[in-house]
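Below is one structure, written out as structure tokens; comments come after it.
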Amino acid sequence: MPERNHLIDLARIGSMVIVVVFHSLLWQVLLVDGKLQVVPWAPGPVFWAISWVATIIPVFFVAAGYANAVVVDKWRATGAPYANFLTLRGSRMLGPMSLFLIVFCVIGTAAAWAGWLPQAAALSRQFAQLLWFAVVYQLLLAAAPLAVWLHDRAGAWVMLPMLIGVIAVDLAVRLTGNQGLQWINLAFAWPLAHQWGIAYHRGWFRTWPAARLAAAIGGAAIAIVGLVFGLHYPPAAVAWADVLVANLLPPTLAITCLGFIQTCVLGLLDRAGVAARLGERASAVVRLANALLLTAYLWHIPAIVLSAGVLLGLSLLLPAAAPVLMNPVLLMLLVLVVVVLVVPQIARVELRFIPTPGADRAPQALTLLGYALFAAGTWAVWQLGAVLHPGDLPAVAAVVVVAAGMVALHRAASRTST
């Protein structure tokens, strides 16, 4: 089985770039008569259509499935217990997650104790929404050995219940009108994309005939058109001020079809040899960028706030240049520059939180407890925020749980041999 696929690596990088660009354009920072206004962006139907091409987040979970298949195969070859797999893979998340949650918690807590508890609690919960991604990835990582084992024994039959689950959730949402039910699809849509990545590693898509791939792409595209125009699914892949309910978050059947299209496109590109041979320097850059993706994801929102603040300050100093300085495209470009320059420096600090492997087998009970608390605590922070103040006890409990999980997993990983 192949170990590294540069096309998959580039797809992961591309999906993260799209996330940064989209979030940069989600809000517009304006100066109107010398006063600051922050308004949600309503781009209109042209950008609705563009979103179906530009939204490549499903590819990230496909790539995660591919990468996890590689790691599972290596782990199986060692004969080490599951706890070893969990510590060695999970500990890599400890660096980025630990630093981010410490800074996130300190800021919210300081604001709360300074007298702004309601505002701190509300903003903490709102900002923590980006942690949905970490929660899903943690669960997919924990289930990766089972997912690979199931694919190797059942193939497409493993995917069928996930697809049925996506359809069932969409049907329930439309019959009841309860949009909150759509979040259940986090448990079906992204694991299905992850399973496609495992299948890709095992030869699916990239070894299929081009005609089959083209037919699959056409069929899935027709399905999206039918869902949007026939069954009144949201007209955009993502949410904007003029599309308050979208298909990406939480995912719908339409975004699942989009992910299948993207996986087939990867197969076509792979067959064509795209990115099959990168130079040594280019390969090193791609490897580094992939290693920094979680860090980039966690810190891109602060990068957006920082960049918007810089442009706003310059606009106040140079009012004549404000129309140029407040252009959303300039903000997007500045954010990308900040991410490229700052994220590697943040990663240097994160390394201090990643445990050094020991020489023993992982302690099973401590590993399972630590990882379970780590995942449950991340979910709790996602839902409740991270503020340490007696006026917000649910957020305090969330921080305590995730901190306990991190400490336990760190101790387990420190005793685990590579």
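The values are calculated or read from the model by the stated rules, or taken from the named source; none is laboratory data. If you're wondering where the values come from, they're calculated on a predicted model, not measured in any experiment. Cβ atoms come from the backbone with ideal geometry, glycine included; neighbour counts cover every protein chain shown. In case anyone asks, the SASA skips ligands and DNA or RNA and just uses the protein heavy atoms, side chains included. Shrake-Rupley method; radii C 1.70, N 1.55, O 1.52, S 1.80 Å.
See the values below:
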{"item": "Length gained when the stretch residue 407-residue 17 is fully extended (0.36 nm per residue, less Cα-Cα span)", "result": "137.2 nm"}
{"item": "Residue 221 paired with residue 389, simple spin-label distance in nm, labels 7 Å along Cα-to-beta-carbon", "result": "5.2 nm"}
{"item": "Reported label for calculated Cα Rg over 2.2 N^0.38 Å given (1) 0.93; (2) 1.01; (3) 1.21", "result": "(2)"}
{"item": "Separation between Cα centres of the stretch 181-227 and the stretch 247-273, rounded to whole Å", "result": "6 Å"}
{"item": "Per residue accessible area of the chain, 1.4 Å probe, in Å²", "result": "46 Å²"}
{"item": "Projected label distance in nm at residue 156 and residue 76, using a 7 Å step from Cα toward the beta-carbon", "result": "2.2 nm"}
{"item": "Contour minus Cα-Cα distance for residue 287 and residue 356 (0.36 nm per residue)", "result": "22.7 nm"}
{"item": "Interatomic Cα distance distribution for the stretch 107-182, bins of 5 angstrom, percent", "result": "3, 13, 11, 13, 14, 14, 11, 8, 7, 4, 2, 0"}
{"item": "Inter-label distance for residue 274 and residue 320, nm, one decimal - labels placed 7 Å from Cα along Cα-to-Cβ", "result": "4.6 nm"}
{"item": "FRET efficiency, residue 50 to residue 345 (Cβ-Cβ, R0 41 Å, nearest 0.05)", "result": "0.80"}
{"item": "FRET efficiency estimate (nearest 0.05) - Cβ-Cβ, residue 126 to residue 231, R0 30 angstrom", "result": "0.45"}
{"item": "Amide H partners (placed H, <5 Å) of residue 27, local residues excluded", "result": "41"}
{"item": "Helix-only CD estimate at 222 nm, as mean residue ellipticity for the chain, using -39500 (n - 2.57) per DSSP H run (n ≥ 4)", "result": "-23500 deg cm²/dmol"}
